[in-house]
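So the structure is just underneath, and the comments pick up after that.
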Amino acid sequence: MSSTQEFHIAVMAGDGIGLEVMAPCLDLLNDACARVGGLALRFEEIESGATYYKEHGTALSDENLARAAAADAILLGAMGLPDIRYPDGREIAPQIDIRIALDLFAGVRPVRSIPGLMGPLRDPRAQNLDFVLIRESTEGLFASMGKTKIVDDNIAYDTMEITRSGSERLFDFAFELARKRKAAGSPGMVTCVDKANVFGGFAFFRKIFFERAAKFPDIEARAAYVDAIALNQIRNPWAFDVLVTENMFGDILSDAGAALIGGMGVAPSADIGAKHAVFQPCHGTAPDIAGTGKANPTAMFLSAAMMLDWLGERHGEPKAIEAGKLLQGAVEAAFAKGTLRPYEMGGSNGLKDITARVAGALNASPSSRT
């Protein structure tokens, strides 16, 4: 009789459509695990976000953060609402606090086309994109978050921070990912994105990049300025493999990458550290459509698939990797015929339609249970 591997998942649905896309995602995760057999997820709901802040005076209590940190992985919907803010005017964003608290230094933002969903570029090569942007998530300009210095209501200072240790672990992560992707058929190339021609901090960043590149001779290492990358994300994004960059640049470029594959509603993400990881869709809480049924759960589903893959890699559990592939494959199969189109892409399919189609594809996929 085979044993069942169980993983403990902290579930933080958050606000707005985060609550709406999370519920069907948990059902699909259970279905994917059931199809491979011998794998189970134990979900623990943890309250946090803007609504929680309004009711309790904190967006994420120390107790709830500790509960999340004790889980094998954290699955997050979306957090923040425009009309609920901190006293200084900043939006409620505990997802950023979690990155800092759990030292989630690598923001992984895949840019992968979904068959049947056309992005804005009409070049045929743009319909088969597959690259990854790695965003440093604990340093850079974001190191100044909550620490802005304002002098006489006349000058504001936010300071960028780049450290050797933070950069080295980031670049090693990027090269190791490129090595894994190369084994699956990708080019095996990492591009450092910076502004080394203007700022000494970025020259330092680039210098460390090539130092670490020497430890990965099987991977091609390149460097490019952020403005050139922004241009080429539109002109020839199919030329990229792995891009690695500072926090603010990564924040901007990752949203541009999401646009290339159809928008935030189909863009998954992960924030990964040495011990912990958070998986969440790139989109926000979308209060303008919350409760209307128009929410697109695709990015949530793909983020969950990334979580399964990470759990499998981290714990040496091939069944989790297989379940992740089943879920990702079900998403792709749901859209493949081109008859399913989310509202934000000009279609008329929302939460219910997309979930039903993905669930149907998942249930039709081959089961490895014996």
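Values quoted throughout were computed directly from the atomic coordinates according to the rules given, and no laboratory measurement underlies them. A quick note: this is a predicted structure, and the numbers were derived from the prediction, not measured. Cβ sites come from the backbone with ideal geometry, for glycine too, and all protein chains shown count toward neighbours.
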Taking every other residue with Cβ under 13 Å from the Cβ of Leu19 and scoring Lys and Arg +1, Asp and Glu -1, one gets -4
What ranking, highest mean first, results for peptides 236-242, 104-110 when packing means the other Cβ atoms within 10 Å averaged over each residue? 104-110, 236-242
Gyration tensor on Cα atoms of region 102-178, a ≥ b ≥ c root eigenvalues, a/c under 1.5 rounded, else prolate if a/b beats b/c, else oblate, says oblate
Round to a whole angstrom and tell me the spacing of the C-alpha centers of region 184-221 and region 39-76. 35 Å
Between Leu129, Leu231, Leu102, find the one with the highest GNM mean-square fluctuation for the chain; connect C-alpha pairs within less than 10 Å. Leu231
Tell me what the chain gives for mean residue ellipticity at 222 nm when only DSSP H runs of n ≥ 4 count, each as -39,500 (n - 2.57), the sum divided by the residue total, rounded to 500 deg cm²/dmol. -13000 deg cm²/dmol
Compute the Rg to Rh ratio over region 120-260 from the alpha carbon atoms, using the Kirkwood formula for Rh, and round to two decimal places. 1.01
Note, Lys147: beta-carbon cut-off 15 Å, +1 each Lys/Arg, -1 each Asp/Glu, net -3
DSSP-defined antiparallel bridges as percent of all bridges, the chain, nearest 5: 40 percent
Work from the charge dipole of the chain (Cβ charges, +1 for Lys and Arg, -1 for Asp and Glu, about the Cα centre) and give the residue of Leu60, Thr285, Cys25 farthest towards its positive end. Cys25
Pop the C-beta distance of Ser3 and Asp153 into the FRET formula with R0 = 51 Å and round what comes out to the nearest 0.05. 0.20
About the Cα centre of region 115-245, what is the dipole size in debye to 20, counting +1 per Lys and Arg Cβ and -1 per Asp and Glu Cβ, all else neutral? 400 debye
Long-range alpha-carbon pairs in region 34-119, meaning those over 17 Å apart, account in percent for 61 percent
In terms of the alpha carbon gyration tensor, root eigenvalues a ≥ b ≥ c, rounded if a/c is under 1.5 and otherwise prolate when a/b exceeds b/c or oblate, region 1-159 is oblate
One checks the Cα atoms of region 227-306 and finds Rg and Dmax, in Å, of 14.1, 40
Let a ≥ b ≥ c be the square roots of the eigenvalues of the Cα gyration tensor of region 277-370; is it rounded (a/c under 1.5), or, if not, prolate (a/b larger than b/c) or oblate? oblate
In the neighborhood of Thr355, defined by Cβ-to-Cβ distances under 14 Å, what is the net charge if each Lys or Arg adds +1 and each Asp or Glu adds -1? -1
Mind computing the radius of gyration and Dmax over the alpha-carbon atoms of the chain? Å is fine for both. 20.2, 72
With +1 on each Lys and Arg Cβ and -1 on each Asp and Glu Cβ, and nothing else charged, work out how big the dipole of the chain is about its Cα centre, in Debye to the nearest 20. 1280 debye
